[in-house]
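A.B. asks: Can you keep this structure in mind? I'll have questions shortly.
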Amino acid sequence: MPEQMSRTERRRAERQARKESRQKEQQKKKLASTAQRAVVYLVGVLLLAGASYWAYGQWSAGSPGQFVKSLGNRHLAATEVGLATYNSDPPTSGPHLPSIAAWGVHQEPIAKELQVHNLEDGGVVAQYNCPAASQDCKALIEKLAGVVRKYDRAVLAPYPGMSHKIALTAWTRIDKFNDFDEKRIVRFIEAYIHIDHHPAAGK
């Protein structure tokens, strides 16, 4: 009987050992699975962060010029022309007349209160400051006109007295420089043209 009990105990011990072995194996698999999930999660977070950084870079690269805070969209009466003040020169937003300047190339300066409405309507205004009689200025005007004429909502006009030879404006955006740069001008125009800036209904 003692020998038979010993064999029974041995069997129990073997079963217990096998059970413990299975439990340990299951724990190892569970830990491995948890580690795999953690790695996948970490990789996902890194990919998301990388994608966000890339998207921000693309957005920054596609936003030429400088941002200028909006002064709103208020319409002016004809008697208020010349009284409005703006936070950039040329203006990029703010009080303006109900009408717009004709799209295309102008020979005379456009009133600030008029050109701002062009910007609100999704237009881009290119302006220059140089002596109209000089050959260099004439050449600059022709180059600028050649670019502006390619777009249906772009304006070119003189703007005497500004700080640079060339200024590009869109709603709340401005870029000013001295040397003609077609790529820079095209990039600015195509970034902002046709974007409507009228207040949403009810606002």
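The values are calculated or read from the model by the stated rules, or taken from the named source; none is laboratory data. Nothing here was measured: the structure is a model prediction, and the numbers come from that model. Using ideal geometry, Cβ is built from the backbone for each residue, glycine included, and neighbour counts are taken over all protein chains shown.
A.B. asks: Going through GLN16, GLN4, GLN58, GLN26 one at a time, which residue ends up being at pLDDT below 75 and farther than 30 Å from PHE188 by Cβ?
C.D. replies: Values: GLN16 fails: at pLDDT below 75; GLN58 fails: farther than 30 Å from PHE188 by Cβ; GLN26 fails: at pLDDT below 75.
Step by step, each of GLN16, GLN4, GLN58, GLN26 is checked, and only GLN4 is at pLDDT below 75 and farther than 30 Å from PHE188 by Cβ.
A.B. asks: Is there a residue in the stretch 132-139 that is under 24 Å from GLU113 (Cβ atoms), assigned by TED's automatic domain parsing to the domain that holds GLU108, modelled with pLDDT under 95 and touching a strand residue (DSSP E or B) at 6+ places or on another chain (Cβ under 9 Å)?
C.D. replies: At the first step, the residues of the stretch 132-139 found to be under 24 Å from GLU113 (Cβ atoms) are 132.
From the residues that got through so far, the ones that are assigned by TED's automatic domain parsing to the domain that holds GLU108 too are 132.
Those left that are additionally modelled with pLDDT under 95: 132.
Pick out the ones that are also touching a strand residue (DSSP E or B) at 6+ places or on another chain (Cβ under 9 Å) and you get 132.
Yes, that holds for at least one residue.
A.B. asks: For the stretch 128-150, enumerate the residues that are over 10 Å from VAL105 (Cα atoms) and touching a Phe, Trp or Tyr at 6+ places or on another chain (Cβ under 8 Å).
C.D. replies: TYR128, ASN129, CYS137, LEU140, LYS143
A.B. asks: Can you give me the ranges of the strands (runs of 3 or more DSSP E) entirely in the stretch 84-189 with at least 2 residues that are of a type outside the set (Ser, Thr, Tyr) and farther than 22 Å from ASN73 by Cβ?
C.D. replies: Output list reads 154-158, 173-177.
A.B. asks: Quick check: is even one residue across the stretch 162-182 at negative phi, modelled with pLDDT under 95 and not charged (D, E, K, R)? Please lay out each step first, then the result.
C.D. replies: Of all residues in the stretch 162-182, those at negative phi come to 162-171, 173-182.
Imposing the further condition that a residue be modelled with pLDDT under 95 reduces the set to none.
No, every residue in the stretch 162-182 fails to be at negative phi, modelled with pLDDT under 95 and not charged (D, E, K, R).
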